[in-house]
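Since the structure comes first, as structure tokens, the remarks are kept for the end.
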Amino acid sequence: MGLIENIIKKVVLQETIIEERTRLSEAVWKIRLRSDSIHKADFVPGYFLRVGVGLNDRELSLKEKIRSYSVWNINQAEGYLDLAVATHSNGIGAKWATHCKVGDKVYFKWKKGNFLVDDSADSYLMIGDVSALSHLYMIHRNVPRDRKMKSIIYSQKKSELFSDVDGTTPFDFYEMATNPYPDIIAKVNEIVPKMTGKKMAYIGGDSRICVALNHYLRKELHWETKQIKTKPFWNPNKRGLE
Ligand SMILES: Cc1cc2nc3c(=O)[nH]c(=O)nc-3n(C[C@H](O)[C@H](O)[C@H](O)COP(=O)(O)OP(=O)(O)OC[C@H]3O[C@@H](n4cnc5c(N)ncnc54)[C@H](O)[C@@H]3O)c2cc1C
């Protein structure tokens, strides 16, 4: 390992250990990370991690070595958190999730972003693919129970979509092709007229869907910008994203 990688590990990133690695579905791995720093983290639902997935690979540039993963579940009293990593991409992140082992050291950094829990709405619409599902579950668990919740969670194979950490499936799952903009718009047009009170949408995953739906909600349905929370997790023309 090079000097730069050592400095990044020791100075920039925090060390943690993989405590558990379980298959959630054909395309998704759950990875549990344990470290003392998790006890002390100042956590807000919606935070994610920058994980050094390729630090040992000398062929990769620094940017290539890091991937972002949302915190699906955290237990600060016990000192662990869970990630749910999808493998459709088959890139360095997917390979890490597929081949990492219990006991491996993992280096990460906390990131806040803006795709955070916001409990100011009366009804919510959650839209995303399998890469964003864990993030949307975290948001769902942290808005008050009396809020109305609608959802469009999609994948090419419905069986790839997994239940939340408590075993419940509070979202509606759909089998859709890749980049299924017309199908999602049709569902949005069914759902939105039935939403009551102050409305808010969370849209995560495929950047094409995030951009197109943000535009549709603002321009066609006249939603205000602050009602729409989007976070592109991946882009078909890019490796990594942040
Ligand atoms: C804030 C944030 C949070 C994220 N949280 C999660 C998370 O919780 N779980 C998770 O799985 N991912 C998450 N991601 C995406 C993750 O960071 C990686 O981009 C993703 O895992 C792909 O990395 P890779 O190295 O395997 O593939 P890359 O080398 O980045 O990409 C290889 C190819 O696969 C394509 N691709 C990437 N993702 C997908 C996909 N889902 N379906 C189809 N094609 C794809 C890319 O466009 C590219 O063409 C998040 C991203 C961000 C920005």
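The values are calculated or read from the model by the stated rules, or taken from the named source; none is laboratory data. As the structure is a prediction and not an experimental result, all values here were calculated from the model. Glycine gets a Cβ as well: all are built from the backbone with ideal geometry, and neighbour counts include every protein chain shown.
Results, tabulated for the structure shown:
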{"read-out": "Of all residues making up the range 140-195, the number that are closer than 18 Å to V211 by Cβ and without any contact (Cβ under 8 Å) to a residue 12 or more places away in the chain", "value": "1"}
{"read-out": "Residue that is surrounded by the fewest Cβ atoms within 10 Å (Cβ to Cβ), among those in the range 205-242 that are within 9 Å of the ligand (Cβ to nearest atom) and of a type in the set (A, V, I, L, M, F, W, C)", "value": "L241"}
{"read-out": "Candidate set from the range 90-112 (those that are out of contact with any Ser or Thr (no Cβ under 9 Å at 6 or more places or on another chain) and of a type in the set (G, A, S)); member that is farthest from the ligand (Cβ to nearest atom)", "value": "G103"}
{"read-out": "Failed item in (1) hydrophobic (A, V, I, L, M, F, W, C); (2) free of Cβ contacts under 8 Å to residues at least 60 places away in the same chain; (3) buried (at least 20 other Cβ atoms within 10 Å of the Cβ); (4) within 9 Å of the ligand (Cβ to nearest atom), with V71 passing the rest", "value": "(2)"}
{"read-out": "Matching entry among G93, G128 (being in contact with a strand residue (DSSP E or B) (Cβ under 6 Å, 6 or more places away or on another chain), assigned by TED's automatic domain parsing to the domain that holds G54 and either crowded, with 16+ Cβ neighbours inside 10 Å or under 21 Å from F233 (Cβ atoms) (or both))", "value": "G93"}
{"read-out": "Failed condition for T87, given (1) among the β-branched types (V, I, T); (2) touching a Leu at 6+ places or on another chain (Cβ under 8 Å); (3) within 14 Å of the ligand (Cβ to nearest atom)", "value": "(2)"}
{"read-out": "Strands (runs of 3 or more DSSP E) wholly inside the range 1-81 containing at least 3 residues that are over 24 Å from L136 (Cα atoms)", "value": "14-25"}
{"read-out": "Residue that is nearest to the ligand (Cβ to nearest atom), among those in the range 17-43 that are closer than 12 Å to Q76 by Cβ and not hydroxyl-bearing (S, T, Y)", "value": "F43"}
{"read-out": "Check on G197, within 11 Å of the ligand (Cβ to nearest atom) and at positive phi", "value": "no"}
